[in-house]
Amino acid sequence: MADPALDALIDALRCLPGVGQKSAQRMAFHLLQHDRAGAAKLARAIDTAVSEIGHCRRCHTFSRAEVCDVCLDDTRDPHLLCVVETPADQAALERTGSYKGQYFVLLGRLSPLDGLGARDIGLPALLERASDGKVSEVILATNFNAEGEATAHVLAEQLKARGMKVTRLARGVPVGSELEYVDLGTIAHAFMDRR
């Protein structure tokens, strides 16, 4: 019979996305058998992050401060507001180095099956932020799946009704790909979004 503390560790690791019983068990055994220092470091990092990291009051990304560094950066263009679903999406856009405006993180997407509506993803706060008198264009950078498209559509309708210029990230053929291997939906969107 396993130790209750070991069972608790395995169960805790299962809360991570894509981690099932066997993966959690392998991780727990590895940490306890081969990397106790790594386990302690991981425990401290999680404890610190959970107790010290919240959400920026302006854009809702993760931040230790009340307002994040991106929102405080006066070199960023205040006329551009990029709307993303998650802090991970924001981080991906930041890694490209190609966008120098502000962000608004929805912390989700519309999902009627999960009971997530417009208020749950922060639509009122987005409308208030977009109507601050500085923003002239809202760029919708939600994911290109069914929920992301529905979210982009609802947001676009609400923003356009307030006279905002709304754009959407383009879709197209990935760099370095060969057309014969690209899915038909991507090719069709690339034709529609061509420039």
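The values are calculated or read from the model by the stated rules, or taken from the named source; none is laboratory data. Just so we're clear, the structure is a prediction, and the values are computed from it rather than from any experiment. A quick note on method: Cβ atoms are made from the backbone with ideal geometry, for glycine too, and the neighbour counts reach across all protein chains shown. For the accessible areas, the whole protein counts, side chains as well, though only heavy atoms, and no ligand, DNA or RNA atoms are used. Shrake-Rupley method; radii C 1.70, N 1.55, O 1.52, S 1.80 Å.
Would you please name the residue that is farthest from ARG162 (Cα to Cα), looking only at residues in segment 111-146 that are of a type in the set (A, V, I, L, M) and in contact with a strand residue (DSSP E or B) (Cβ under 6 Å, 6 or more places away or on another chain)?
ALA141
Examine segment 47-58 for a residue that is under 23 Å from LYS165 (Cβ atoms) and of a type outside the set (A, V, I, L, M), and state whether such a residue exists.
Taking every residue of segment 47-58 in turn, at least one turns out to be under 23 Å from LYS165 (Cβ atoms) and of a type outside the set (A, V, I, L, M).
What residue, among those in segment 126-162 that are under 15 Å from the mean Cα position of the chain (by Cα) and hydroxyl-bearing (Ser, Thr, Tyr), is farthest from LEU116 (Cα to Cα)?
Here the answer is THR142.
I need every pair where a residue in segment 167-191 that is over 21 Å from ALA156 (Cβ atoms) and free of Cβ contacts under 8 Å to residues at least 24 places away in the same chain has its Cβ under 7 Å from the Cβ of a residue that is open to solvent by 60 Å² or more (accessible area, probe 1.4 Å) and in a helix (DSSP H, G or I), sequence separation at least 6 or different chains.
As it stands, the answer is VAL173/LEU179; ILE187/LEU179, since those pairs meet every condition given.
I'd like to check something: does segment 33-56 contain any residue that is open to solvent by less than 30 Å² (accessible area, probe 1.4 Å), of a type outside the set (Ser, Thr, Tyr), closer than 28 Å to HIS153 by Cα and at pLDDT 95 or above?
Taking every residue of segment 33-56 in turn, at least one turns out to be open to solvent by less than 30 Å² (accessible area, probe 1.4 Å), of a type outside the set (Ser, Thr, Tyr), closer than 28 Å to HIS153 by Cα and at pLDDT 95 or above.
Quick check on ALA65: is it in a loop (DSSP other than H, G, I, E, B), of a type outside the set (Val, Ile, Thr), at pLDDT 95 or above and open to solvent by less than 60 Å² (accessible area, probe 1.4 Å)?
Judged against the criteria, ALA65 is a match.
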